[in-house]
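*Asks:* Take a look at this one; I'll ask things after.
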Amino acid sequence: MSTNTEGGGRNYARRDLLLKIQSEIQNYWEENKIFEAEPGVKPPEPGEKFFGNFPYPYMNGLLHLGHAFTLSKLEFGAAYHRLRGCNVLLPFAFHCTGMPIKASADKLKREIEQRGNPPVFPSLEELTIEVEESDNVSAAAPDKFKSKRSKAAAKSSGDKSQWEIMRSFGLSDEEIAKFQDPYHWLKHFPPLAKEDLKAFGLGCDWRRSFITTDMNPFYDSFVRWQMNKLKNMGKIVKDMRYTIYSPLDGQPCADHDRASGEGVQPQEYVLIKMEVLPPFPAKLKALEGRKVFLAAATLRPETMYGQTNCWVLPDGNYGAFEINDTDVFILTERAALNLAYQKLSKVPEKPSCLLKLSGHDLIGLPLSSPLAFNEVIYSLPMLTILTDKGTGIVTSVPSDSPDDYMALKDLVSKPALREKYGVKDEWVLPYEVIPIINIPEFGDKSAEKVCIDLKIKSQNDKEKLAEAKRLTYLKGFTDGTMLVGEFQGRKVQEAKPLIKNKLLEAGTAVLYSEPEKKVMSRSGDECVVALTDQWYITYGEAEWKEKAMECLEKMNTFSTETRNGFEHTLSWLNQWACSRSFGLGTRIPWDEQFLVESLSDSTLYMAYYTIAHVLQNGDMYGSNASSVRPEQMTDEVWDYIFCDGPVPKSEISPALLSKMKKEFEYWYPFDLRVSGKDLIQNHLTFCIYNHTALLPKHLWPEGSVATGILCLTPRKYAGDGMDDANFVFETANAAILRLTKEIAWMEEVLSVESSLRAGPPSSYADRVFANEMNFAVVETEKSYNNFMFREALKTGFYDLQAARDEYRFSNSNQTLRIANKYLQDSIVLMRKLLQKQESGPKKAKKGASAAPAEENKLTVGLIFVNERYDGWKEECLRILRSKFDDTTGSFAPDKEILEALKSSSIGNDANFKQIQKLCMPFIKFKKDETKEVGVRALDLKLPFGEIEVLKENVDVIKRQLGLEHVEVLCATDDSDRSKSGPHIALLTQNPPSPGNPVAIFLSKAEFSATGY
């Protein structure tokens, strides 16, 4: 097989041609330092420079197609501006801050400690046995939650060990062990990413590349300056705040620290303390002497006046947890864990469970609940309670909650249901619905009315109940009026915070928070909400937020969706925890027990790019000898460079200080930041905030493009703007074909350039083609400026090709067109023949080798041409020409043609009958061809020299067929024919004719044996 053919007989010559061109041009770029950007001697005029950047990727692994997709938008934009003559800066760096690398390194270390080096993990069968044993244990403990999801299932569904993940990167076992050291990750992955990006063709100034964390002392100094600056401005404060928290890591878990649940925030509830009245039942005897409360989480404290009971899940698991020396809360263990991290546990950060209980144990407890008009209410069974939200204890207000109304109605109307759960009549029947809020259209008992209107039958009619809540809850808040209590007559939205504060001040309720949805940290544990005393950046502060909105207003976001995303984030974003105690990064300068978290050291670093090459001398780690030492980069020096501060007293030369300052001022503000849309809700908005706080207005960001995600699915996605895109292998393969065909066309045109017409447009077709080109240029420029590259590709490539092809068809040399088609058709036929010869017979003989040795590869092509029909074919064509009527464009009847054939020299041949069998199919073929292309089909030779065309394009043929040597030979020349060696029979069996050359492919050894 040839060198460009791989398994399955597929030929990769076209792909290899593109890779060869790519390699050559990338070497040229590197040798000539094409992308090393230098500032101009004076400040740039508008449009003279372009500074684009991309959020540095996290280095806990290799880059992937998603990075390439988003980065391609920046690369296309930068290349466009560069071609238009802009001075372009496109830098790139690598993010290593935060906990993912440290967590992965620690996980790897644990695996080695527990299972050896390399670790030996249990087989799937062993895991299955373990699960079966676990199931047997569960059967004996009915109060334990039983899951069908086994460890084996978890393993098979993608829960890989860290060792397996590292192996998937192609690392050896010996190399993997080194990754127990988190800093080894920083040495290993960034250089690999750099090489991948070079291969990708990124037009990057790699001198400015860097990694984060204190491993890079210059960047470490930069982040310390930034944090000091924010703190001195009052934008970093220490405060007690609710935050998503990882108990295993012992620190807040920000978006970049999460395996799932990005964007999830704490959800605040009011926890209503419903006191259990004595005497306690037997199950609760151990709690006598304590104040025991069923703790119900509610988002609607204003409805507590209408309580008729509370709800518990009969089969739910609950516990009695110590809150302090006197109070005990009954709720789920999950809720107790959250409370423990909110300073509501006798033992901080550890729930103290005095008693485990089931929902059945709680049914019928008499309760005194705050604000309730009923002095005593009872806990009753509800079958639809979710224990993964709230506390598992639910208040019941049937006047305004459709769920409560239907559950209570079920108990009232179904004696069998009461009997099943041991519910006494006096716990239910005396309790009437209490009107507490008037809602226009729904009256004083909104839940009752909406359930009747929607014809809801029971508490299990989930879809209709969800619709009932949608109809009443928001309207109750916005339009409802209080009918009872000290805030009677006031709007619900006014009364709600007042009632909430009343409950908290009276000590009859406490605040409680939990994650809106499940959040898993990268360390593998489920997160809680913790009340933490730590450092926060005051995003959302009114004056600062106003400046951020002003910046956004002037930014080009290229799409309404992106702008809406920023505006939504600015509307809710509040204080952000910026310190961590676990992971890698820069120490908080004034409180070095903490690290700067990963979304707080990555908000202003675009400015660092402008001088990174000066400080680091081209070394991404900042460890090479430089004219500046890290300790010389004081806060005063950073202020001078970036904030137009006074000239600092420094050991750095004034000339170098001035150079860095001028370079920053030349490139800033950056023109564009390209990122995935998922970063709008944190990183990209933080970037706006930090720029408006630390830099003057004329240096605020100019533009931001947000892209969708890349999917490896057959579903059709657009891929421009914030739309998602999909990678389709067939499209990529088709692009290879299209590009190589375009190269072949260019080479063909260049080979006959001297024969082409020159001068200004002189015909109608010329003017049409010129107009199409001008239109395509204008439309393509619009699309590039709007970062709509799909449309740019259409107008700048496909539409131009269509216009060119139409022009060639309408106004080209007919003979040249025919010659070109002949060349392309011949190459296609020769490629098929080559592949057939390479693959050999369908069934290889016994003992034959699977692939030929190197010396037997087919690398020589001999193309035999016969430019003129001769013999009986010549006679047939002469007869057909004489029997063709140019006026009517038709032939004489077949009988007349046959008679002429018999009367010709062919008819006098002794073997006429055998010759006639060859003549008749040929005559039919030529008659059909005449109908298609005209009378020229009857010519004895083509309107161009075949040998000349093929010889002029030998290089094209070699490249497209992957051959090293090609000769074009005359089939009627005996010396030429002798070059075919043992394959001469092919010329006899299938002799070449005009328009049908015959190619014979040889190995170097075979060709040498012919003596040529």
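*Asks:* State yes or no: is Glu268 part of a strand (DSSP E or B) and open to solvent by 60 Å² or more (accessible area, probe 1.4 Å)?
*Replies:* yes
*Asks:* Test Tyr269 against the criterion of being over 16 Å from Ser396 (Cα atoms) and in contact with a strand residue (DSSP E or B) (Cβ under 8 Å, 6 or more places away or on another chain), and give yes or no.
*Replies:* Judged against the criteria, Tyr269 is not a match.
*Asks:* Is it the case that segment 687-696 has a residue that's more than 13 Å from Ser602 (Cα to Cα), open to solvent by 10 Å² or more (accessible area, probe 1.4 Å), assigned by the TED database to the domain that holds Ile641 and in contact with a His (Cβ under 9 Å, 6 or more places away or on another chain)?
*Replies:* No, segment 687-696 contains no residue that is more than 13 Å from Ser602 (Cα to Cα), open to solvent by 10 Å² or more (accessible area, probe 1.4 Å), assigned by the TED database to the domain that holds Ile641 and in contact with a His (Cβ under 9 Å, 6 or more places away or on another chain).
*Asks:* Tally the residues that are charged (D, E, K, R), surrounded by fewer than 16 Cβ atoms within 10 Å (Cβ to Cβ) and not in a helix (DSSP H, G or I), restricting the search to segment 180-209.
*Replies:* Number of matching residues: 1.
*Asks:* In the list Glu526, Glu514, which residue meets the criterion of being acidic (Asp, Glu), buried (at least 22 other Cβ atoms within 10 Å of the Cβ) and touching a strand residue (DSSP E or B) at 6+ places or on another chain (Cβ under 7 Å)?
*Replies:* Being acidic (Asp, Glu), buried (at least 22 other Cβ atoms within 10 Å of the Cβ) and touching a strand residue (DSSP E or B) at 6+ places or on another chain (Cβ under 7 Å) holds for just one of Glu526, Glu514, which is Glu514.
*Asks:* Which one is nearest to Leu417 (Cα to Cα) among residues in segment 376-389 that are of a type outside the set (A, V, I, L, M) and buried (at least 23 other Cβ atoms within 10 Å of the Cβ)?
*Replies:* Once the filter is applied, the top-ranked residue is Pro381.
*Asks:* Just need a number here: residues in segment 482-492 that are open to solvent by 60 Å² or more (accessible area, probe 1.4 Å) and within 20 Å of Ile272 (Cβ to Cβ).
*Replies:* Final tally of qualifying residues: 1.
*Asks:* Return only the number of the condition from (1) among the aliphatic types (A, V, I, L, M); (2) more than 23 Å from Val628 (Cα to Cα); (3) in a loop (DSSP other than H, G, I, E, B) that Met215 does not satisfy.
*Replies:* The one condition Met215 does not meet is (2).
*Asks:* Return the only residue of Ser345, Ser396, Ser413, Ser352 being assigned by the TED database to the domain that holds Leu299, open to solvent by 10 Å² or more (accessible area, probe 1.4 Å) and touching a Leu at 6+ places or on another chain (Cβ under 8 Å).
*Replies:* Testing whether each residue is assigned by the TED database to the domain that holds Leu299, open to solvent by 10 Å² or more (accessible area, probe 1.4 Å) and touching a Leu at 6+ places or on another chain (Cβ under 8 Å) leaves just Ser345.
*Asks:* Tell me which of these Ile641 doesn't satisfy, since it passes every other one: (1) assigned to a loop (DSSP other than H, G, I, E, B); (2) open to solvent by less than 50 Å² (accessible area, probe 1.4 Å); (3) closer than 18 Å to Pro217 by Cβ.
*Replies:* (1)
*Asks:* Count, please, the residues in segment 210-249 that happen to be open to solvent by 40 Å² or more (accessible area, probe 1.4 Å), in contact with a strand residue (DSSP E or B) (Cβ under 9 Å, 6 or more places away or on another chain) and among the hydrophobic types (A, V, I, L, M, F, W, C).
*Replies:* Total satisfying the criteria: 4.
*Asks:* I'd like to know if segment 343-355 contains one or more residues that are outside any helix (DSSP H, G or I), out of contact with any helix residue (DSSP H, G or I) (no Cβ under 7 Å at 6 or more places or on another chain) and touching a residue at least 60 places away in the same chain (Cβ under 8 Å).
*Replies:* Scanning segment 343-355 turns up at least one residue that is outside any helix (DSSP H, G or I), out of contact with any helix residue (DSSP H, G or I) (no Cβ under 7 Å at 6 or more places or on another chain) and touching a residue at least 60 places away in the same chain (Cβ under 8 Å).
*Asks:* So which pairs qualify, if the first residue must be in segment 413-432 and acidic (Asp, Glu), the second must be modelled with pLDDT of 95 or more, the Cβ gap must be under 6 Å, and the two must be at least 6 apart or on different chains?
*Replies:* Pairs found: none.
*Asks:* Only residues that are within 21 Å of Glu333 (Cβ to Cβ), open to solvent by 20 Å² or more (accessible area, probe 1.4 Å) and of a type outside the set (A, V, I, L, M): list them for segment 355-370, please.
*Replies:* Lys356, Ser358, His360, Asp361
*Asks:* Right, something else. What strands (runs of 3 or more DSSP E) completely inside segment 292-340 contain at least 1 residues that are of a type in the set (Ser, Thr, Tyr)?
*Replies:* In segment 292-340, 317-322 are the strands (runs of 3 or more DSSP E) which contain 1 or more residues that are of a type in the set (Ser, Thr, Tyr).
*Asks:* Let me ask something additional. Counting only residues that are within 29 Å of the chain's Cα centre (by Cα) and closer than 18 Å to Asn53 by Cα, which one in segment 20-36 is surrounded by the most Cβ atoms within 10 Å (Cβ to Cβ)?
*Replies:* Phe35
*Asks:* Please specify each residue of segment 306-323 satisfying the condition of being open to solvent by 10 Å² or more (accessible area, probe 1.4 Å) and either at pLDDT below 95 or out of contact with any Lys or Arg (no Cβ under 9 Å at 6 or more places or on another chain) (or both).
*Replies:* Leu313, Asp315
*Asks:* Does Thr586 meet the test of being under 18 Å from Gly703 (Cα atoms) and not hydrophobic (A, V, I, L, M, F, W, C)?
*Replies:* Considered against the rule, which asks whether it is under 18 Å from Gly703 (Cα atoms) and not hydrophobic (A, V, I, L, M, F, W, C), Thr586 comes out as no.
*Asks:* Here is a follow-up. Consider only pairs whose beta carbons are under 7 Å apart and that are at least six residues apart or on different chains; among these, list those whose first residue lies in segment 25-48 and is over 15 Å from Arg82 (Cβ atoms) and whose second residue is assigned to a loop (DSSP other than H, G, I, E, B).
*Replies:* Hits for this filter: Gln26/Gly201.
*Asks:* Of the conditions (1) open to solvent by less than 50 Å² (accessible area, probe 1.4 Å); (2) out of contact with any Leu (no Cβ under 8 Å at 6 or more places or on another chain); (3) among the hydrophobic types (A, V, I, L, M, F, W, C), Phe373 satisfies every one except a single condition; which number is it?
*Replies:* It is condition (1) that Phe373 fails.
*Asks:* Name the single residue, out of those in segment 740-776 being of a type in the set (Val, Ile, Thr) and in contact (Cβ under 8 Å) with a residue 12 or more places away in the chain, that is farthest from Val949 (Cα to Cα).
*Replies:* The selected residue is Val768.
*Asks:* Across segment 540-571, what is the number of residues that are under 28 Å from the mean Cα position of the chain (by Cα) and either under 14 Å from Pro701 (Cβ atoms) or open to solvent by less than 60 Å² (accessible area, probe 1.4 Å) (or both)?
*Replies:* Count: 17.
*Asks:* Please work out which residue is surrounded by the most Cβ atoms within 10 Å (Cβ to Cβ), limiting yourself to segment 644-672 and to residues that are assigned to a helix (DSSP H, G or I) and acidic (Asp, Glu).
*Replies:* It comes out as Glu663.
*Asks:* Please go through segment 735-760 and pick out each residue that is loosely packed, with under 14 Cβ neighbours inside 10 Å, of a type outside the set (Lys, Arg) and assigned to a loop (DSSP other than H, G, I, E, B).
*Replies:* Answer for segment 735-760, where residues must be loosely packed, with under 14 Cβ neighbours inside 10 Å, of a type outside the set (Lys, Arg) and assigned to a loop (DSSP other than H, G, I, E, B): Leu756, Ala758, Gly759, Pro760.
*Asks:* List, please: which pairs have Cβ atoms under 9 Å, are six or more places apart or on different chains, and start with a residue in segment 594-615 that is assigned by the TED database to the domain that holds Pro217 and within 30 Å of Ala655 (Cβ to Cβ) and end with one that is open to solvent by 10 Å² or more (accessible area, probe 1.4 Å) and of a type in the set (Lys, Arg)?
*Replies:* Matching pairs, first to second residue: Ile611/Lys659; Ile611/Lys661; Ala612/Arg207; His613/Arg207; Val614/Lys659.
The values are calculated or read from the model by the stated rules, or taken from the named source; none is laboratory data. In this text, all values refer to a predicted model and were calculated from it rather than measured experimentally. Using ideal geometry, Cβ is built from the backbone for each residue, glycine included, and neighbour counts are taken over all protein chains shown. Each accessible area value is taken on the protein alone, full model and side chains, heavy atoms only, with ligands, DNA and RNA left out. Shrake-Rupley method; radii C 1.70, N 1.55, O 1.52, S 1.80 Å.
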